[in-house]
Amino acid sequence: MSLTPSLNSVGLTFQCPHCNFAFVKNGSWFQVISRYKCEGCGQRIRITYPDKVAIF
Ligand SMILES: [Zn+2]
């Protein structure tokens, strides 16, 4: 399964599993990033491929 390129410029919402801090990033950001530091709780969050597919 491939991610839809047309969604690269669309804002997508992702929610931290630890503190439920929600943020919006472009689809292209999700495709290049594999982990991020939550702005809400400071935890490092891994974004797995299944997570990305679920978002899209
Ligand atoms: Zn968090």
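The values are calculated or read from the model by the stated rules, or taken from the named source; none is laboratory data. As the structure is a prediction and not an experimental result, all values here were calculated from the model. Quick reminder, even Gly has a Cβ in these numbers, built from the backbone with ideal geometry, and neighbours come from all protein chains shown. Ligands, DNA and RNA are stripped out before the accessible areas are found, and what is left, the full protein with its side chains, is counted by its heavy atoms. Shrake-Rupley method; radii C 1.70, N 1.55, O 1.52, S 1.80 Å.
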Inset, instruction - Would you tally the residues in the stretch 30-56 being outside any loop (DSSP other than H, G, I, E, B), open to solvent by 90 Å² or more (accessible area, probe 1.4 Å) and modelled with pLDDT of 75 or more? - result: 5
Legend entry - Residue check, residue 27 out of contact with any Ser or Thr (no Cβ under 9 Å at 6 or more places or on another chain) and either modelled with pLDDT under 85 or within 10 Å of the ligand (Cβ to nearest atom) (or both): no
